[in-house]
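A quick write-up on the structure given underneath.
The values are calculated or read from the model by the stated rules, or taken from the named source; none is laboratory data. Quick caveat, the model's predicted, so the values are computed rather than measured. Quick reminder, even Gly has a Cβ in these numbers, built from the backbone with ideal geometry, and neighbours come from all protein chains shown.
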Amino acid sequence: MSILKKLEIRHPIFVSPMAGTSTPELAAEVSNAGGLGALGLGASSIDNAREQILKTQQLTDQPFQVNFFCHQSVELNQQDAQTWINYLGPAFSKFNAQVPSHLNCIYPSFLDHDDFLQLVLETRPKAVSFHFGIPHPHQIQALKNANILTMVSATNLPEAKAIEHAGIDIIVAQGIEAGGHRGIFNPKLDGAIKTSDLVQLISHHCECPVVAAGGIMNGQQAKQLLKLGAQAVQLGTAFIQCKSSNASAAYRQALFNQPLTQITSSISGRPARGIINQWQSLFDHPDRPCVPAYPYTYDIAKQLHQIASQNGEHGFGAFWAGSHVAQIRELEATDLINQLLLEMSA
């Protein structure tokens with residue numbers, strides 16, 4: 001069965017589930033336009049996640065997906081943490097701010113407990129997707145029993161095969177061009193495969209339907225990836241500029257004015273592609289110390305960004321964006337989908 005029939009959507013266009021940037025309004029607009037809307041809930045509390053899902057269900061009766069993180073939680077290495085705190089100390093001092101004394105684990109993993117699983121089973125979205133890994137077998141089975149479709153990001157063939165073996169319904173092929181966090185299971189092992197190659201590789205070796213993600217900004221690019229074996233495309237960066245997203249004014253401005261990106265682990269502790277700013281210029285030096293584990297590193301990065309922003313400096317933001325951000329267009333979600341469809345049919 002095709003992805004369109006599985007998901008009961010009209011068009012093979014997904015919006016990426018961008019934690020911190022997605023909103024119920026954006027998700028509903030995409031779903032109402034015939035695509036698959038999305039909520040990035042990996043950074044949300046249970047109560048906030050429930051609120052977002054219920055709000056989206058009020059705004060649309062069409063299918064949408066919710067997304068969670070499946071990273072392997074690890075204990076913080078205190079020596080690494082203190083070294084990193086010291087390394088960022090001068091940046092805090094620049095704003096006459098006290099450097100944090102410790103790092104907090106700000107994001108839970110879906111693997112750690114079943115609270116988010118129970119929320120999904122309670123609210124019954126059409127699909128649930130996962131980043132950084134695969135849910136536990138009992139979690140996958142519970143979702144299957146509830147007829148909730150499952151999707152997991154893969155950045156290489158071994159990950160894709162593991163996803164298929166686990167019984168997941170759909171593989172999201174995330175190429176190196178994608179903005180935001182790399183979906184790699186092991187943050188120290190990244191094959192850095194471009195989207196077009198990854199789609200062909202996974203489509204050739206796996207039976208699961210494939211969604212292409214990474215560097216897609218227009219219909220011509222989407223059409224090419226569909227020809228290479230993808231059954232749908234997922235766009236994130238292209239939708240961030242929509243008024244219904246949660247992006248800040250500084251983030252939106254950077255998308256149009258600073259269209260150069262780089263992958264860094266200095267912000268969160270995991271490799272992620274974003275617009276080049278202070279993180280890459282001040283901290284990503286050859287002698288940079290080892291970053292603490294995700295998401296502890298993200299804790300201090302968010303604190304620094306908040307302090308800097310209060311002082312009028314927005315160059316410490318996590319402005320995630322794909323490698324083709326220079327092709328971004330100022331269009332609202334419905335208009336963007338209609339434009340993509342026109343370009344795809346040309």
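The residue list I148, I163, I106 contains one member that is among the hydrophobic types (A, V, I, L, M, F, W, C), free of Cβ contacts under 8 Å to residues at least 60 places away in the same chain and farther than 23 Å from A27 by Cα, which is I163.
Can you name the residue in the stretch 49-69 that is in contact with a Leu (Cβ under 8 Å, 6 or more places away or on another chain) and polar (S, T, N, Q) and, of all such residues, is surrounded by the most Cβ atoms within 10 Å (Cβ to Cβ)? Once the filter is applied, the top-ranked residue is Q65.
Restricting F116, F110, F130 to residues that are among the aromatic types (F, W, Y), part of a helix (DSSP H, G or I) and closer than 18 Å to P295 by Cβ narrows the list to F116.
Could you list, in sequence order, the residues of the stretch 103-116 that are buried (at least 19 other Cβ atoms within 10 Å of the Cβ) and over 12 Å from C70 (Cα atoms)? Scanning the stretch 103-116 gives a single hit, L103. Every condition in (1) outside any loop (DSSP other than H, G, I, E, B); (2) under 18 Å from the mean Cα position of the chain (by Cα); (3) not polar (S, T, N, Q) holds for M217 except the one numbered (1).
Checking T150, T155, T195, T123 one by one, the residue that is out of contact with any strand residue (DSSP E or B) (no Cβ under 7 Å at 6 or more places or on another chain), of a type in the set (S, T, Y), under 19 Å from P17 (Cβ atoms) and modelled with pLDDT of 95 or more is T123 and no other.
Meeting the requirement of 2 or more residues that are within 18 Å of L121 (Cα to Cα) and basic (K, R), the helices (runs of 4 or more DSSP H) wholly within the stretch 1-83 are 46-59. Can you tell me which of (1) over 19 Å from the mean Cα position of the chain (by Cα); (2) touching a residue at least 60 places away in the same chain (Cβ under 8 Å); (3) within 30 Å of L342 (Cβ to Cβ) is the one E313 doesn't meet? Unmet for E313, out of (1) over 19 Å from the mean Cα position of the chain (by Cα); (2) touching a residue at least 60 places away in the same chain (Cβ under 8 Å); (3) within 30 Å of L342 (Cβ to Cβ): (3).
Scanning the stretch 168-193 for residues that are touching a residue at least 12 places away in the same chain (Cβ under 8 Å), in a loop (DSSP other than H, G, I, E, B), under 21 Å from H136 (Cβ atoms) and more than 12 Å from the chain's Cα centre (by Cα) gives I168, D169, F185, P187.
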